[in-house]
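Below you'll find the structure, written out as structure tokens, and then a few comments.
Nothing in this text is a laboratory measurement; each read-out follows from the coordinates by a stated rule. Keep in mind the model is a prediction, meaning the values are calculated, not measured. No Cβ is skipped: glycine too gets one built from the backbone with ideal geometry, and neighbour counts run over all protein chains shown.
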Amino acid sequence: MEAGGERGDPLPRLRRHLRQGAEPRALPLQPPLRGGGTAEECAAVEKKKKPSPRLNIHSAFWILASIAVTYYFDFLKSVKEAIQADSWWFVTGSCLLAACLSVAFYCIIYLEWYRGIEDYDVRYPILIPISTTTFIAAAIW
């Protein structure tokens, strides 16, 4: 028995087409669109959708939860004691966290709100990895 015989295996037929110079049949890359519209029309409809509001119930919940956790665990008192202990790890982690937050505020406030650039991650692709790396380093430190 020979592997890839004439039993309906598509591989020998594909090889035969390629040797003869014929192009194999192209399979559609996308499923057919409903309603007979084109891909450009669907993209235009998706862009016209109104974005969700910045402050919704979900966002408000997480903001209030972070405030409650900060209060419950006496975070500010712990920070004050760490500063008084003159610990180098706390200063290093704070600087990394400040760098991360400054990149995030630059992206959100300046680029998106002030300049109106919604796709800042496409125009400035290095900003997101820098922010992520500094945040992870600050969390580890």
**Order of F75, F90 - criterion: other Cβ atoms within 10 Å of each residue's Cβ, fewest first** = F75, F90
**Request:** Estimate the FRET efficiency between W113 and H58 by the formula 1/(1 + (r/R0)^6), using the beta-carbon distance for r and 22 Å for R0, to the nearest 0.05.
**Result:** 0.60
**Prompt:** Once you put a point 7 Å from the Cα of D86 and another 7 Å from the Cα of Y72, both along the Cβ direction, what distance in nm separates them?
**Reply:** 3.6 nm
**Prompt:** Label-point separation (nm) for D121 and I140, each offset 7 Å from Cα along Cα-to-Cβ?
**Reply:** 2.3 nm
